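Q: My questions all concern the structure below.
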Amino acid sequence: MKIAICDDELKITQQIAGMVRKCLPDCEVTCYRCGEDLLNTQKTFDLIFLDIQMDGLNGIQTAKKIRSMDETVLIVFITGIKEYVFDAFDVTAFHYLLKPVQIEKLQEILRKAERKLTREKHCKKKQLLIKTRDKSLTVDTDDILFLENALRKIIIHTKTGTVAVYGTMSAFEQQVGTGFYRSHRGYLVNLAHVAEYDAETIYMDNGEIAYLTRKSYPDFVKQYMRFLRDGDARHV
């Protein structure tokens, strides 16, 4: 695993680097003292530990720039103030570490990161075979924003447009698997494309909206937070 640590406090950087090497002796660790240095590197990483409170570009600003270039790298925020953790959700943070860093918590995060990276490495992109009246086509589930029930048809909203097919929402829910959430009897949402939400509405990252029942809202928040943390969700 290739790991970057970015913190403007040298003592903290060295401490975390030492802990990481102790937990994962075979990993490759590179340290940076500011967000600008991290952004200017030519290296790529599997996991980045990023301090939120840094001079110059802070951790959130740095993470947003990283996300514009790399949507998959795992980002773990380091902070001494717990309230800052909520800002991490804007950049799909994998986890967070509170200062002073405890090796037990660090080990837990590294184990989760290893599991997630291994799962993604061996996981083939899932596709749906869809039959319309005129043709058959395949759609990558990653490209699906949400599915909408419209009378006897299911409208599949994707990054490039919509496809209308006959079927039931329950059947499609089984086909797409984890990472999707049944927010409403008539809506099945891809959590990877959620931009914002409130108690009744889910706003997708392309500007479209899906509906959420008030009864489902607490469970949706729980499952969405789980998805951001682990890349998985189960509607229970």
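The values are calculated or read from the model by the stated rules, or taken from the named source; none is laboratory data. Computed from a prediction, not measured in an experiment: that's the story for all the values here. Please note: Cβ atoms are built from the backbone with ideal geometry, for glycine as well, and neighbour counts cover all protein chains shown.
Q: Any residue at all in the range 88-100 that's surrounded by fewer than 17 Cβ atoms within 10 Å (Cβ to Cβ), at pLDDT 90 or above, outside any strand (DSSP E or B) and not assigned by TED's automatic domain parsing to the domain that holds Tyr224?
A: yes
Q: Given the condition among the charged types (D, E, K, R) and more than 22 Å from Thr118 (Cβ to Cβ), answer yes or no: does some residue in the range 42-62 qualify?
A: yes
Q: I would also like to ask the following. Can you name the condition, by its number, that Leu147 falls short on among (1) more than 18 Å from the chain's Cα centre (by Cα); (2) surrounded by 12 or more Cβ atoms within 10 Å (Cβ to Cβ); (3) in contact (Cβ under 8 Å) with a residue 12 or more places away in the chain; (4) over 24 Å from Val221 (Cα atoms)?
A: So the condition that Leu147 fails would be (4).
Q: Identify, by number, the condition in (1) in a strand (DSSP E or B); (2) surrounded by 14 or more Cβ atoms within 10 Å (Cβ to Cβ); (3) not small (Gly, Ala, Ser) that Leu110 doesn't meet.
A: The single condition Leu110 does not satisfy is (1).
Q: Suppose the filter is outside the structural domain of Lys116 (by TED's automatic domain parsing), surrounded by 11 or more Cβ atoms within 10 Å (Cβ to Cβ), of a type in the set (S, T, N, Q) and closer than 27 Å to Arg115 by Cβ; does Thr141 pass it?
A: Taking the combined requirement at face value, the residue satisfies it.
Q: Does at least one position in the range 26-37 carry a residue that is surrounded by 15 or more Cβ atoms within 10 Å (Cβ to Cβ), β-branched (Val, Ile, Thr) and in the same structural domain as Lys112 (by TED's automatic domain parsing)?
A: yes
Per-residue answers, yes or no, for (1) of a type in the set (A, V, I, L, M, F, W, C); (2) without any contact (Cβ under 8 Å) to a residue 40 or more places away in the chain:
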residue	(1), (2)
Gln14	no, yes
Tyr32	no, yes
Glu36	no, yes
Asp51	no, no
Met54	yes, no
Asp70	no, yes
Thr79	no, yes
Glu104	no, yes
Arg119	no, no
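Q: Further, regarding this structure: Given Ile66, Ile75, which one is in a strand (DSSP E or B), at pLDDT 90 or above and of a type in the set (Val, Ile, Thr)?
A: Every option except Ile75 fails the conditions.
Matching residues to (1) outside any loop (DSSP other than H, G, I, E, B); (2) loosely packed, with under 14 Cβ neighbours inside 10 Å; (3) of a type in the set (A, V, I, L, M); (4) at pLDDT 90 or above:
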| residue | (1), (2), (3), (4) |
| --- | --- |
| Leu137 | yes, yes, yes, no |
| Phe172 | yes, no, no, yes |
| Arg182 | yes, no, no, yes |
| Val189 | yes, no, yes, yes |
| Arg226 | yes, no, no, no |
| Arg229 | yes, no, no, no |
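Residue-by-condition table, conditions (1) over 21 Å from Tyr224 (Cα atoms); (2) in contact with a Leu (Cβ under 8 Å, 6 or more places away or on another chain); (3) modelled with pLDDT under 90:
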site	(1), (2), (3)
Phe49	yes, yes, no
Ile52	yes, no, no
Glu71	no, no, yes
Lys112	no, no, no
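Q: Next up: Restricted to the range 45-83, and to residues that are surrounded by fewer than 21 Cβ atoms within 10 Å (Cβ to Cβ) and acidic (Asp, Glu), which residue is nearest to His193 (Cα to Cα)?
A: Only one residue fits best here, namely Glu71.
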